[in-house]
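Peer 1: There's a structure below that I have some questions on.
Since every read-out is calculated from the coordinates, none of them should be taken as a lab result. If you're wondering where the values come from, they're calculated on a predicted model, not measured in any experiment. Glycine gets a Cβ as well: all are built from the backbone with ideal geometry, and neighbour counts include every protein chain shown.
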Amino acid sequence: MPGNISRRSFLKGGIAACAAAASGIPVSASGADKDKQIATLLDIGKCIGCGACVEACSMVNAAKYPEPKKPFPKMYPDRAKPEDWSGKRDVNDRLTPYNWLFIQSADVTVNGEEKTITIPRRCMHCTNPPCVKLCPWGSAKQLENGISRIDPDLCLGGAKCKEVCPWEIPQRQTGTGLYLDILPAFAGNGVMYKCDRCYNRIAEGKLPACIEACPEKVQEIGPRDEIIKKAHALAKETNGYIYGENENGGTNTIYVSPVPFDVLNKAIETGKGKPHLKAVSDSMEKANNLVAAMAIAPIAGIAAAIGTFYKYSRKDNEGKTDEEK
Amino acid sequence: MKRNKNVYYLYLLTIIFISLSGGGQMPIFKRYYIADIPGLGWLARFYITHYVHYICAALIIGITSYAAAGYLLSAKNKLNLTVSGYLRSALIAGLIATGILLVIRNFEGYIFSHNLIIFLDLSHLALVMLFLFTSLYCFLFKKKWTAS
């Protein structure tokens with residue numbers, strides 16, 4: 001239940017809040033705000049795979065696509081390979097720097113009937129996105145409404161975000177971005193691109209292009225807690241299954257399917273630029289649990305110092321008493 | 001004396017691992033074949049370097065607290081920090097402060113402003129570079145933390 005707070009999350013939130021308060025740095029949100037992020041609900045049962053969302057995405061975001069400078073700078077050592085999608089801009093059967101949304105299809109049996117299920121796939125917009133949190137330069141950002149996006153003016157194209165993403169969503173284009181102005185031969189390799197859920201349109205009060213263009217009203221958008229309630233109601237009504245509510249600790253892209261997701265995952269084509277539909281544990285949880293050790297460390301250190309100090313003080317005093325005798 | 005040496009060796013080991021795992025937050029060790037060196041493959045695995053960095057951070061905080069409390073308690077022995085001791089202490093304090101804020105940022109729902117995140121990332125990196133160069137200088141020229 002979204003409203004419930006587990007003992008662990010209470011403890012984690014408490015440690016973070018204490019540290020934030022002690023540091024005097026204002027934070028713009030608290031852990032409880034997760035449900036106030038904006039999420040999308042995708043009713044896969046309605047999707048007919050027409051591709052209107054993919055087309056609308058390409059059209060609306062065309063100005064954000066890279067125009068790389070060629071020839072690419074020679075990179076050292078040879079292990080760093082350029083990735084060039086600029087000549088393959090029409091590829092739409094996978095994620096690329098020029099295609100942030102594609103339709104995955106799965107041939108499955110629903111109620112004894114052979115059926116092709118189509119699934120719009122793009123960034124899941126995790127509630128605690130590892131691509132943003134583990135970016136070493138702060139070029140990946142999470143907005144307060146839960147959108148995660150990569151700043152093309154800051155990204156160096158190291159592709160760490162892709163490696164830490166459970167679905168390997170971000171895609172790289174070489175020959176563009178800040179790295180060209182620093183040490184193009186030795187550091188960086190372009191810019192990473194992915195769905196930014198039309199953050200600029202949302203800021204203007206518009207719908208993301210994929211939602212607006214869909215003739216079947218597959219997607220809807222709203223506050224996460226409301227979307228989760230709707231997803232559960234829809235799943236109950238259709239005997240469906242939910243994906244994205246708890247994956248990677250929770251995402252802002254909630255799928256409801258008439259077919260279990262482990263069955264769908266076996267039926268879809270996965271691989272480079274084609275994300276899976278497996279269950280995903282929280283990528284950030286293990287490290288965040290280690291923060292307890294950081295909270296205990298100063299107490300342990302000070303206790304050890306006091307213990308050592310009194311041990312030596314007693315020895316000193318005993319020595320002095322012996323001398324006096 | 002033996003106990004102090006143990007703390008010193010633990011401190012050295014922690015500095016080595018926290019620096020390596022900190023460097024491993026950037027995608028450089030694989031590109032430059034360093035992760036191909038036997039025993040260093042973990043440096044190319046971002047979640048592993050993340051965990052190692054957190055564990056070492058807890059150790060550094062513990063050791064720093066131990067040293068700071070010990071210094072304050074033994075003030076009557078007229079143990080004074082040297083100039084390089086003050087410099088290294090300030091750099092460690094800066095690293096811990098920026099590190100704590102980055103740790104908070106990594107919790108779900110804690111969204112700092114973009115400029116603050118960039119500042120924290122770059123200042124953490126700049127502070128560690130300064131600290132390592134200062135430590136190397138102090139090691140080569142036998143500069144001590146304290147003088148009695």
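Peer 1: For segment A:29-91, rounded, prolate or oblate, judged on the Cα gyration tensor with a ≥ b ≥ c (square roots of eigenvalues), a/c < 1.5 rounded, else prolate if a/b > b/c?
Peer 2: Since a/c reaches 1.5 but b/c is at least a/b, the shape of segment A:29-91 is classed as oblate.
Peer 1: Then there's this: At a Förster distance of 35 Å, what's the computed FRET efficiency of B:Tyr47 paired with A:Glu226, Cβ-Cβ distance as r, to 0.05?
Peer 2: Here the calculated transfer efficiency is 0.60.
Peer 1: Counting other beta carbons within 10 Å of each Cβ, put A:Asp316, A:Asp196 in order, fewest first.
Peer 2: Exposure proxy ranking, most exposed first: A:Asp316, A:Asp196.
Peer 1: Give the residue list of GluC sites (Glu not before Pro) in segment A:137-186 that are DSSP loop and have at most 16 other beta-carbon atoms within 10 angstrom. Intermediate values should be presented prior to the final figure.
Peer 2: Details: sites: A:Glu144, A:Glu163, A:Glu168; in loops: A:Glu144, A:Glu168.
Those satisfying the criteria are A:Glu144.
Peer 1: Going 7 Å from the Cα of A:Ala303 along its beta-carbon direction, which residues of segment A:282-296 have the amide nitrogen within less than 18 Å of the resulting point?
Peer 2: Only A:291-296 fall inside the zone, counting backbone N under 18 Å.
Peer 1: On average over all directions, what projected area in square nanometres does segment B:78-148 have, based on the convex hull of its Cα atoms?
Peer 2: If I average the Cα hull's projected area over directions, I get 5.6 nm².
Peer 1: Same structure, new question: Taking the 0 to 90 degree range and rounding to the nearest ten, how far is the long axis of helix A:291-324 tilted relative to the main principal axis of chain A, both from C-alpha atoms?
Peer 2: Once rounded, the angle reads 10 degrees.
Peer 1: Using helices alone, I'd like the mean residue ellipticity at 222 nm for the protein assembly as shown: each DSSP H run of four-plus residues gives -39500 (n - 2.57), total over residue count, nearest 500. Don't skip to the end; give the middle numbers.
Peer 2: Working: 14 runs with 207 residues, N = 473.
Calculated at 222 nm, the ellipticity per residue is -14500 deg cm²/dmol.
Peer 1: So for segment A:198-325, considering every pair of alpha-carbon atoms, how many percent are separated by more than 19 Å? Before the final figure, lay out the partial values.
Peer 2: Details: 5813 of 8128 pairs.
Roughly 72 percent, once rounded to a whole number.
Peer 1: Tell me, A:Val91, B:Val103 in order of fewest to most beta-carbon neighbours within 10 Å?
Peer 2: Sorted ascending by nearby Cβ count, the order is A:Val91, B:Val103.
Peer 1: Further question on the same structure: Suppose a student asked you for the relative contact order of segment A:136-282, using Cα pairs under 8 Å spaced at least 6 residues apart; what percent would you report? All intermediate terms of the calculation are to be shown ahead of the outcome.
Peer 2: Details: 201 pairs, mean separation 23.9, N = 147.
With pairs under 8 Å counted, the relative contact order is 16 percent.
Peer 1: Working from the alpha-carbon coordinates of segment A:90-211, get Rg over Rh, Rh being the Kirkwood radius.
Peer 2: 1.05
Peer 1: Only loop residues by DSSP count here, and only those with at most 12 other Cβ atoms within 10 Å; note down the trypsin sites (Lys or Arg not before Pro) in segment A:240-309 that meet that.
Peer 2: Passing both the DSSP loop test and the Cβ count: A:Lys272.
Peer 1: OK, next. Taking a ≥ b ≥ c as the square roots of the eigenvalues of the Cα gyration tensor of segment A:17-299, is the shape rounded (a/c under 1.5), prolate (a/b larger than b/c) or oblate?
Peer 2: Oblate shape, in that a/c is at least 1.5 and b/c is the bigger or equal ratio.
Peer 1: Suppose R0 equals 51 Å. What FRET efficiency, 1/(1 + (r/R0)^6) with r the Cβ-Cβ distance, do B:Ile34 and A:Asn200 give to the nearest 0.05?
Peer 2: That pair, B:Ile34 with A:Asn200, gives E of 0.80.
Peer 1: Stick to Cα atoms and the Kirkwood definition of Rh, then tell me Rg/Rh for the protein assembly as shown.
Peer 2: Ratio value, two decimals: 1.06.
Peer 1: Among A:Cys210, B:Cys56, B:Cys138, what is the fewest-to-most ranking by other Cβ atoms within 10 Å?
Peer 2: B:Cys138, B:Cys56, A:Cys210
Peer 1: What nm value, rounded to one decimal, do you get for the distance between A:Ala295 and A:Asp90 when each label is placed 7 Å out toward the C-beta?
Peer 2: For the pair A:Ala295/A:Asp90, the computed spacing is 5.7 nm.
Peer 1: Here's another thing I want to ask about it. Can you give me the distance in nm between label points at A:Asn265 and A:Ala62, each placed 7 Å from the Cα along the Cα-to-Cβ direction?
Peer 2: 3.8
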